[in-house]
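Step one of this worksheet: look at the structure below.
The values are calculated or read from the model by the stated rules, or taken from the named source; none is laboratory data. In this text, all values refer to a predicted model and were calculated from it rather than measured experimentally. In this analysis, Cβ positions are derived from the backbone assuming ideal geometry, glycine residues included, and neighbour counts consider all displayed protein chains.
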Amino acid sequence: MKNIKKITLGMLAFMLLLTTSCEKFLTEEPTANLPENLVLNDVTGLNLLLQGTYRMMRDGNNNPPVSSPSGIRLLSTVSGFDMMVNQEQVGNNWYFYTYSNQRYDATSSITSIMWTSLYKIVNNANIILENVDKAIGSQSDKNAIKGQALALRARCYFNLVRMYQHTYSIAKDQPGVPLQLTSDLEPKPRATVQEVYNQVVADLTDAETLLLEFNRPSINYYNIDVVNFLLAEVYLTMEDWVNARKYANKIRASYELMTMGEYKAGFSSPNREWVLGYEQGSQDYWWYDSPACWFDFGQNNAPWQAEQILPSNYFVDVIMKDDPRLLVIANPLYPGKYAATKFLELRDEPPYGNLYDFRAAEMYLVEAEAAARQNDVQTALQVLNMLQQQRGAALTNASSQAALIDAILLERRKEMWGEGLEWFDILRLQLPVERTTAQGHYQNIHVPQNSNKLIMMIPEKEVINNPLLIQNPNPDQQPTFVP
């Protein structure tokens, strides 16, 4: 990746150490005066580099943070059936969040930001991994640093391969993304999707062992639970139902579901269901990180009322009718539309609230789906009903495998709405996208099954600078995936 420029170690250390200064997120206070030899030769320096890498991940490398976990969640949310970008508020500026050519154009900012930011995090992880084994410090500290770096790298590659190629089940032999496993940044061809997934699984499996005894200081850090969560998501996408079920069950066994009172509280306060989240101090909070900002119309004195995302009328009136999780109001600014109240700021001054990333309910649904795919209808129904009962929702009583799978996927849509699963579910389930003005959407959109509009093209500058890269097909010339 030629455009990810290799910089001097001293400058890299200085930049990363500065990014870790905060009140609650990764609370150790670093110093830019750390001797350069300690950065890579001592676990203290490596740990500070690791914290800087965490911060780059959480903030999307400030580029802007569309590549952060929250930013990717936003893009995925508005790629689905139920949520839409508020065209009355943002006009044409957000076309890259619909299925216009800005979404997949190789020269667009969105595809370049995603690629560059995630590979910068990968490169930081590689620097840590190259030096941790020979660093001065205890073995337990080395294991913790190494395991976290592997998990961070794995998550980046999992996102990259899903954004820039079709789903594993149909594209495992197709070009995925380059596997950069060292910090040399030499140009590399695209590894196959299978090879990328093999590396993701290998990194997470190693991290699982290394983090076995790591007690994280706070919910901000990747520990074995985060690794298990990621493994369940990866295996679900690979349609490895045995392992998806196994790892999802590890989370279900360790994390209780939040109450409906907590569900309605706005997703800004960590509770027993949060597996990964980011505690915020007054210097940590950025408005564009927060789902409360994207959906908010001032329901809770929120200072950031971006009014960017609206639920469709069809979702509110049909899909979620009479469901306790339907948290909406009549839109105070746009008559005939709705505004969501699922995500709320805690207060009207810093820190406004905390950011959630992973929560256990998703794993209940993964376990149920994986069990149903194995035709273990009894277990699948039992796990699904646990979630429904806790939410006060209607209980599913489907007895056939096909009907139960459909019910689980519908429950996933209801439980996790607005939380960023939509795009990746459309890809892995090979679904078409149908949105109509009759449903309350702003445009009629038809994206066929396995459309090349669903994946991003490789940034043009990358292809120019790296002759080993093969570009993805332009959807205007090749509309759908061809094996």
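Every residue, every condition in (1) among the polar types (S, T, N, Q); (2) touching a helix residue (DSSP H, G or I) at 6+ places or on another chain (Cβ under 9 Å), yes or no:
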site	(1), (2)
423	no, yes
444	yes, yes
451	yes, no
461	no, yes
Quiz item: How many residues, within the range 189-238, are assigned to a loop (DSSP other than H, G, I, E, B) and either touching a Cys at 6+ places or on another chain (Cβ under 8 Å) or among the charged types (D, E, K, R) (or both)?
Solution: 3
Quiz item: Somewhere in the range 251-264, is a residue modelled with pLDDT of 80 or more, surrounded by fewer than 20 Cβ atoms within 10 Å (Cβ to Cβ), over 16 Å from residue 415 (Cα atoms) and not β-branched (Val, Ile, Thr)?
Solution: yes
Quiz item: Restricting to the range 239-280, what's the tally of residues that are part of a loop (DSSP other than H, G, I, E, B) and not aliphatic (A, V, I, L, M)?
Solution: 16
Quiz item: Among the residues of the range 208-225, which ones are crowded, with 19+ Cβ neighbours inside 10 Å and under 23 Å from residue 70 (Cα atoms)?
Solution: 219, 220, 221, 222, 223, 224, 225
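For every residue, the table says whether it meets (1) closer than 21 Å to residue 67 by Cβ; (2) in contact with an Asp or Glu (Cβ under 8 Å, 6 or more places away or on another chain).
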| residue | (1), (2) |
| --- | --- |
| 106 | yes, yes |
| 117 | yes, no |
| 155 | yes, no |
| 167 | yes, no |
| 182 | no, yes |
| 191 | yes, no |
Exercise. Those residues that are in contact with a helix residue (DSSP H, G or I) (Cβ under 7 Å, 6 or more places away or on another chain), buried (at least 16 other Cβ atoms within 10 Å of the Cβ) and assigned to a loop (DSSP other than H, G, I, E, B), I need them from the range 305-326; list them, please.
Key: 306, 307, 308, 312, 320, 323, 325, 326
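Here is a yes/no grid of residues against (1) within 24 Å of the chain's Cα centre (by Cα); (2) crowded, with 16+ Cβ neighbours inside 10 Å; (3) not basic (Lys, Arg):
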| position | (1), (2), (3) |
| --- | --- |
| 389 | no, no, yes |
| 412 | yes, yes, no |
| 421 | yes, yes, yes |
| 427 | yes, yes, yes |
Quiz item: Does residue 60 count as under 30 Å from residue 478 (Cα atoms) and modelled with pLDDT under 90?
Solution: no
Quiz item: Quick one: is residue 8 hydroxyl-bearing (Ser, Thr, Tyr), at negative phi and at pLDDT 85 or above?
Solution: no
Exercise. Please tell me if residue 53 is surrounded by fewer than 19 Cβ atoms within 10 Å (Cβ to Cβ) and either modelled with pLDDT under 85 or among the polar types (S, T, N, Q) (or both).
Key: no
Practice problem: For the range 134-153, state whether one or more residues are β-branched (Val, Ile, Thr) and not in a loop (DSSP other than H, G, I, E, B). | Solution: yes
Quiz item: Looking at (1) farther than 22 Å from residue 313 by Cα; (2) surrounded by fewer than 24 Cβ atoms within 10 Å (Cβ to Cβ), can you tell me which one residue 368 breaks?
Solution: (2)
Exercise. Filter the range 165-181 for residues that are in a loop (DSSP other than H, G, I, E, B), of a type outside the set (S, T, N, Q) and over 13 Å from residue 119 (Cα atoms) and give the result.
Key: 166, 172, 173, 176
Quiz prompt | Hey, residue 167 closer than 30 Å to residue 465 by Cα, of a type in the set (S, T, N, Q) and crowded, with 23+ Cβ neighbours inside 10 Å or not | solution = yes
Self-check item: Single unsatisfied condition, residue 431 versus (1) under 24 Å from the mean Cα position of the chain (by Cα); (2) surrounded by 20 or more Cβ atoms within 10 Å (Cβ to Cβ)
Solution: (2)
Exercise. Would you check which residues across the range 382-407 are closer than 17 Å to residue 257 by Cα, among the aliphatic types (A, V, I, L, M) and in a helix (DSSP H, G or I) and list them?
Key: 383, 384, 386, 387
Self-check item: Filter result for residue 184 (among the acidic types (Asp, Glu), assigned to a helix (DSSP H, G or I) and more than 22 Å from the chain's Cα centre (by Cα))
Solution: no
Quiz item: Out of the range 299-317, which residues are modelled with pLDDT under 95 and within 20 Å of residue 87 (Cβ to Cβ)?
Solution: 304, 305, 306, 307, 308, 309, 310
Practice problem: Collect the residues in the range 452-473 that are part of a loop (DSSP other than H, G, I, E, B) and surrounded by 15 or more Cβ atoms within 10 Å (Cβ to Cβ), keeping them in residue-number order. | Solution: 455, 456, 457, 458, 459, 466, 469, 472, 473
Self-check item: the range 423-451: number of residues that are of a type in the set (S, T, N, Q), part of a loop (DSSP other than H, G, I, E, B), in contact with a Ser or Thr (Cβ under 6 Å, 6 or more places away or on another chain) and over 20 Å from residue 166 (Cα atoms)
Solution: 1
Quiz item: Considering the range 439-483 alone, what residues qualify as being among the β-branched types (Val, Ile, Thr), in contact (Cβ under 8 Å) with a residue 60 or more places away in the chain and under 21 Å from residue 426 (Cβ atoms)?
Solution: 445, 447, 455, 458
